[in-house]
Amino acid sequence: MAGRRVNVNVGVLGHIDSGKTALARALSTTAATAAFDRPPQSRARGVTLDLGFSSFAAPLPGAGALQVTLVDCPGHASLIRTIIGGAQIIDLMMLVIDVTKGMQTQSAECLVIGQIACQKLVVVLNKVDLLAEGKRQAAIDRMTKRMQKTLEGTKFQGAPVVPVAAKPGGPEAPDTEAPQGIPELIEVLISQISIPERDPSGPFLMSVDHCFSIKGQGTVMTGTVLSGSVSLGDSVEIPALKVVRKVKSMQMFHTPVTSAMQGDRLGLCVTQFDPKLLERGLVCAPDTLRTVHAAIISVEKIPYFRGPLQTKAKFHITVGHETVMGRLLFFSPAPDGLDREPAPDAFDFSREYLFQEQYLSKDAVPAAPDGQADGAGRAPEGGCPRQQWALVEFEKPITCPRLCLVIGSRLDADIHSNSCRLAFHGTLLHGLEDRNYAESFLPTLRVYKLKHKHGVVDRVMDDYNVIGRSLFKKETNIQLFVGLEVTLSTGERGLIHSAFGQSGKFKIHIPGGLGPESKKTLAPALKKRVRPGLGEAAKPEEGPERPEPQHVTLSLSFKRYVFDPHKRMVQS
């Protein structure tokens with residue numbers, strides 16, 4: 001690695017008006033084409049509306065130079081899709097806090113995104129110049145303690161907190177006063193950066209965040225290389241447009257290069273196409289990405305999200321820079337696999353899985369509604385499973401790599417409410433490319449509902465056969481249940497043999513026969529009836545009063561596979 005420029009991506013996230021762009025400007029020595037709110041809409045509104053990129057360099061002992069690419073993310077709540085997309089390419093996050101206001105709603109959401117997307121955090125207390133000079137240090141100390149308290153219980157516990165004034169006097173103040181605390185912040189950043197392992201092998205994949213044309217040269221796509229490497233003259237595919245283009249030239253922050261690898265910030269100039277067709281997306285080695293209509297993902301609920309994650313509910317699903325609506329169906333390991341070691345990067349299709357009405361949480365475990373699968377919406381006895389999954393059906397197909405990060409949100413929630421809109425995150429384990437996946441693939445997914453039904457013995461036919469009722473509705477196709485075992489409350493086990501009549505009754509065959517006590521219990525109570533003579537009143541029955549007949553109950557437990565097209569029932 002000696003002599004090479006190693007690129008590390010540092011995200012700049014925080015609430016709107018916390019001074020993120022001013023901080024990026026104060027830190028940077030080189031700006032990309034869309035840095036520092038260059039788009040006209042951003043300048044007109046005075047807020048960051050898109051991702052901005054800039055960089056500064058620092059010496060790296062034994063490895064040449066360290067290039068720190070700053071990913072300036074918007075802070076407005078309505079732009080959280082952009083924030084999530086930007087956060088997925090960062091190695092370290094700076095959480096920018098207005099020291100005069102402290103943690104705000106989007107500060108908290110950014111902290112949640114950081115916990116999902118990266119391993120290291122530096123908290124920046126900005127605008128310290130606005131604090132009264134005589135009370136400044138005391139105010140900084142109070143806010144530092146408050147932020148350290150906020151980070152307790154997160155993966156960022158103990159993260160450094162650095163006070164700065166990125167733009168003394170505010171955004172409208174003249175640039176006569178130098179920023180404060182920037183050298184100290186750079187020193188902290190360098191100390192916190194872990195040089196990531198970069199692998200040039202494997203297929204080339206790049207996340208594109210800006211696209212524009214240069215007359216006479218071609219179309220430029222700027223972004224971050226996610227995997228593999230690329231060189232001049234290579235052919236690359238733009239899956240969203242279904243086109244392949246040749247690489248004509250490449251730059252890293254205005255410096256021409258002949259190759260780039262995983263982790264690099266890159267401008268890629270290819271043969272001409274309309275840049276309006278690709279605002280954001282992916283570019284890859286030809287024929288290495290697939291478009292999927294549904295996917296199996298691992299799921300982990302974000303604890304700050306209020307409310308359940310329910311099967312059949314729709315969420316905004318973000319994969320890279322793309323966000324689409326998706327409907328979810330949750331499932332967990334079968335009861336005998338609850339303690340199995342999680343497999344974060346694989347899914348075993350040979351195993352059975354238990355359908356869930358909702359994601360199982362330790363803190364909120366509602367009881368299952370009557371008539372629903374036992375265990376649906378509540379943790380199985382013994383606690384929550386160590387791993388849970390979901391089938392996500394996308395409203396429109398997406399193009400993505402396997403094992404990519406997936407974030408689910410409720411972006412239609414009120415942006416002014418003090419609640420977390422981020423609901424869950426996970427990994428895309430298996431994408432379903434066939435548009436007709438419901439017929440071609442889902443029947444192989446062995447997700448079942450565990451059902452319990454209860455009825456009573458209506459009458460005895462003989463020592464080996466009884467008639468049952470109240471287990472099925474009149475319209476139920478009892479033939480689907482033929483052969484399943486039922487248990488009598490008297491202990492015998494029998495098999496459903498056939499329907500009996502048209503009212504939902506059914507015949508049960510008991511191979512071992514009814515026991516003597518069962519026969520006695522099932523025997524009807526026969527009362528002697530005396531026909532009174534003409535003009536005589538009926539005489540009461542003599543002798544001790546006979547007891548009323550006892551009901552013998554039936555119980556049936558079975559599995560019903562959710563995606564079985566034949567709706568067969570299987571004994572549990």
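The values are calculated or read from the model by the stated rules, or taken from the named source; none is laboratory data. Just so it is clear, the structure is predicted and the values come from calculations on it, not from any experiment. As a convention, Cβ positions derive from the backbone with ideal geometry for all residues, glycine included, and neighbour counts pool all protein chains shown. Heads up: the accessible areas ignore ligands, DNA and RNA and are worked out on the full protein's heavy atoms, side chains in. Shrake-Rupley method; radii C 1.70, N 1.55, O 1.52, S 1.80 Å.
Pairs of alpha-carbon atoms within less than 8 angstrom and 6+ residues apart define the contacts here; what relative contact order does the stretch 162-283 have, in percent?
Numbers: 244 pairs, mean separation 31.1, N = 122.
Averaging sequence separation for qualifying contacts and normalising by length gives 26 percent for the stretch 162-283.
Using only the Cα atoms of the stretch 215-273, build the gyration tensor, take square roots of its eigenvalues as a ≥ b ≥ c, and label the shape rounded, prolate or oblate: rounded if a/c is under 1.5, else prolate if a/b is larger than b/c, else oblate. Show your work: numbers first, answer last.
Numbers: a/c = 1.69, a/b = 1.18, b/c = 1.43.
Cα axes put the stretch 215-273 in the oblate bin.
Probe of 1.4 angstrom, ligands and nucleic acids ignored: what's the accessible area per residue over the stretch 88-190, in square angstrom? Let's see the in-between values first.
Working: 4830 Å² over 103 residues.
With all protein chains present, the stretch 88-190 gives 47 Å² per residue.
With a point put 7 Å past each Cα toward its Cβ, work out how far Ile214 is from Gln479 in nm, to one decimal.
7.2
Projected onto the charge dipole of the stretch 207-319 (+1 at Lys/Arg Cβ, -1 at Asp/Glu Cβ, origin at the Cα centre), which of Phe315, Ala260, Met250 gives the Cα projection farthest towards the positive end?
Phe315
Report ³J(HN,Hα) in whole Hz for each residue of the stretch 351-361, in order, from the Karplus equation J = 6.51 cos²θ - 1.76 cosθ + 1.60 where θ = phi - 60°; Gly and Pro get x.
Values, residue by residue: 8, 9, 9, 9, 4, 10, 5, 7, 4, 8, 10 Hz.
Ordering Glu475, Glu152 by how much accessible area each has at a 1.4 Å probe, largest first, what is the list?
Final ranking, largest accessible area leading: Glu475, Glu152.
To the nearest 20 debye, what is the magnitude of the charge dipole of the stretch 255-332 about its Cα centre, counting +1 on the Cβ of each Lys and Arg and -1 on the Cβ of each Asp and Glu? Don't skip to the answer; put the middle values down first.
On the way: 9 positive and 6 negative charges, 99 e Å.
The dipole of the stretch 255-332 has a size of about 480 debye.
At 7 Å along Cα-to-Cβ for each site, give me the label-to-label distance between Glu187 and Met461 in nm.
Modelled inter-label distance: 9.1 nm.
Quick one: grab the alpha carbon gyration tensor of the stretch 397-526, order the square roots of its eigenvalues as a ≥ b ≥ c, and give me rounded if a/c is under 1.5, else prolate or oblate depending on whether a/b is larger than b/c. Please list the in-between numbers first.
On the way: a/c = 3.58, a/b = 2.60, b/c = 1.38.
The shape class here is prolate.
Cα-based count: Lys pairs in the stretch 82-226 below 28 Å, eight or more positions apart or different chains?
Pairs that pass both the separation and distance tests number 22.
Could you please state how large a percent of the accessible area of the stretch 210-349 is carbon and sulfur, counting protein chains only and using a 1.4 Å probe?
Values: 3280 of 6400 Å².
Carbon and sulfur atoms account for 51 percent of the accessible area of the stretch 210-349.
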